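Peer 1: What follows is a single structure, and I will ask about it in a moment.
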Amino acid sequence: MLQFARKDHISFSWQTRFHDRIIRNQKECNAIADYIENNPMNWHLDELNIF
């Protein structure tokens, strides 16, 4: 991503506290997919959610 931004002269910076994670197997991939799919349903429980 950073190389693309530099090549095309696009301002770019990583999000704070961003980190990569290598998905090592199908079980881990499924768990991450479930989290992504179901996380919006938990927004109402987030104390920092102002909406």
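Peer 1: Kindly provide the Kirkwood hydrodynamic radius of the chain in Å, to one decimal, from all pairs of distinct alpha carbon atoms. Don't skip to the answer; put the middle values down first.
Peer 2: Numbers: mean 1/r = 0.0699 Å⁻¹.
Result for the chain stands at 14.3 Å.
Peer 1: Something else: Relative to the longest principal axis of the chain, what angle (0 to 90°, nearest 10) does the C-alpha long axis of helix 26-38 take?
Peer 2: On a 0 to 90 degree scale, this one is about 80.
Here, each number is a calculation from the coordinates, and none is a lab measurement. Owing to the predicted nature of the structure, the values given are computational and were not obtained by experimental measurement.
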